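Novice: Let me begin by handing over the structure; questions about it come next.
All of the numbers you see were taken from the coordinates with simple rules; none came from a lab. Since the structure is predicted, the reported quantities are computational estimates derived from the model, not experimental observations. With ideal geometry, Cβ positions are generated from the backbone for all residues, glycine too; neighbour counts draw on all protein chains shown.
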Amino acid sequence: MNTVPSGLTAINAVAKASTWVGGFALLGCALLIAIDLILRKALGISLGGADEIAGYVLAITSAWAFPVTLLKRSHIRVDILYARLGLKPRVALDLFALACMGVLVTALAYHAWSVLKDSIDYHSVSNTPLQVPQWIPQSLWFAGYLFFALTLLTLMLASLGHLLRGRWEAASALIGINTVEEEIEEELRPAGHASKEHTPC
């Protein structure tokens, strides 16, 4: 039976919401910058702060894109050897890849927290006319890395649960690399069904 593990259901819901919020935020930034450029050319005035806001949005959406990409199994990996191995060696490499990614997200979250903590301790504000308290965008940025770590941990536990039950194919479907056929199917899938998860239990 193909069902999504309960732990991943909430993770997928948050990831889906973050993609919508991030997408609208990026569109808003693009519109803001376009208006600012038109006003500069036509009237010689500027809204001010458009580039600063765009920088915050880009940093935040980039952090939240990591877990979304992980859930869709879209992170790039060299698969010349991987594709020629059997199921169990591939799953072993998938777990190793998750472990390496765990080291990465730990470093990212640690340094993001250090930056955020300094901003809180020193009441830092941006050196611009907007005077944005830095803890606000940095909190959202840090939260993205925390969610990335939570997503990674949930995937690791779910895949290990599959392995303990001898479900190697289910584990591979959860954390393995998308096959060419799966990528083609994803591209051809109607937009209304593109966000559906079909992770085997």
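Novice: Taking the Cα centre of the stretch 6-193 as origin, sum charge times position over the Cβ atoms of Lys and Arg (+1) and Asp and Glu (-1), and report the length of that vector in debye to the nearest 20.
Specialist: Using Cβ point charges on Lys, Arg, Asp and Glu, the stretch 6-193 gives about 340 debye.
Novice: Just rank Thr61, Thr154, Thr69, Thr128, fewest to most, by other beta-carbon atoms within 10 angstrom.
Specialist: Details: Thr61 21, Thr154 18, Thr69 15, Thr128 11.
Ordered by Cβ neighbours within 10 Å, fewest first: Thr128, Thr69, Thr154, Thr61.
Novice: Next question. Local charge sum around Ala50 (other residues, Cβ-Cβ under 11 Å, Lys/Arg +1, Asp/Glu -1)?
Specialist: -2
Novice: Between Arg77 and Leu153, what is the FRET efficiency for a Förster distance of 22 Å, r being their Cβ-Cβ separation, to the nearest 0.05? Each step should come with its number before you reach the end.
Specialist: Numbers: r = 20 Å, r/R0 = 0.89.
According to the calculation, E is roughly 0.65.
Novice: Take the eigenvalues of the Cα gyration tensor for the stretch 67-121, scale each by 5, and report the square roots as semi-axes in whole Å, largest first.
Specialist: 33, 11, 8
Novice: Going by amide H atoms built from the backbone, whose H comes under 5 Å of the H on Val125, apart from near neighbours?
Specialist: Here Gln134 satisfy the definition.
Novice: Using the crude model of +1 on Lys and Arg Cβ and -1 on Asp and Glu Cβ, and no other charge, please compute the dipole size for the stretch 61-113 relative to its Cα centre, in debye to 20.
Specialist: Dipole size: approximately 200 debye.
Novice: What does the convex hull of the Cα atoms come to per residue for the stretch 12-56, in Å³?
Specialist: It comes to 49 Å³ per residue, whole-number rounded.
Novice: Also: With point charges of +1 on the Cβ of Lys and Arg and -1 on the Cβ of Asp and Glu, referenced to the Cα centre of the chain, which listed residue (Ser46, Pro133, Ala171) lies farthest in the positive direction of the dipole?
Specialist: Of the candidates, Ala171 comes out farthest on the positive side.
Novice: What list do you get for Ser126, Ser159, Ser74 if you sort them by fewest beta carbons within 10 Å?
Specialist: Ser74, Ser126, Ser159
Novice: Restricting attention to the stretch 100-177, which trypsin sites (Lys or Arg not before Pro) occupy a DSSP loop and are surrounded by at most 11 other Cβ atoms within 10 Å?
Specialist: Sparse-neighbourhood loop trypsin sites (Lys or Arg not before Pro): Arg165.
Novice: Right, another one. Nearest 10 degrees, 0 to 90: what angle lies between the long axis of helix 87-121 and the longest principal axis of the chain (Cα atoms)?
Specialist: Taking the Cα atoms of the chain, the angle to 87-121 is about 20 degrees.
Novice: Ok, one more. Round to the nearest 10 and give me the degree value, 0 to 90, for the angle of helix 6-43's Cα axis relative to the longest principal axis of the chain.
Specialist: 30
Novice: Going toward the positive end of the dipole of the chain, with +1 on Lys and Arg Cβ and -1 on Asp and Glu Cβ, which of Leu155, Leu70, Ala59 do you reach last?
Specialist: In the chain, that residue is Leu155.
Novice: Compute the Cα gyration tensor for the stretch 93-138, then decide on rounded, prolate or oblate, letting a ≥ b ≥ c be the square roots of its eigenvalues: rounded whenever a/c is under 1.5, prolate when a/b is larger than b/c in the other cases, and oblate in all that remain. Mind showing how you got there, number by number?
Specialist: Working: a/c = 6.03, a/b = 3.22, b/c = 1.87.
Prolate.
Novice: Enter the mean projected area of the convex hull around the alpha-carbon atoms of the chain, in nm², rounded to one decimal.
Specialist: 14.4
Novice: Diagonalise the Cα gyration tensor of the stretch 65-165 and give the resulting equivalent ellipsoid semi-axes, square root of 5 times each eigenvalue, largest first, whole Å.
Specialist: 37, 13, 10
Novice: To continue, here is another question. Go ahead and collect, in residue order, the members of the stretch 39-68 whose backbone nitrogen is under 18 Å from a label point 7 Å along the Cα-Cβ direction of Ala99.
Specialist: Once the point is set 7 Å along Cα→Cβ of Ala99, nothing inside the stretch 39-68 turns out to lie under 18 Å by backbone N.
Novice: So for Cys100, Cys29, fewest C-beta neighbours within 10 Å to most, what's the order?
Specialist: Cys100, Cys29
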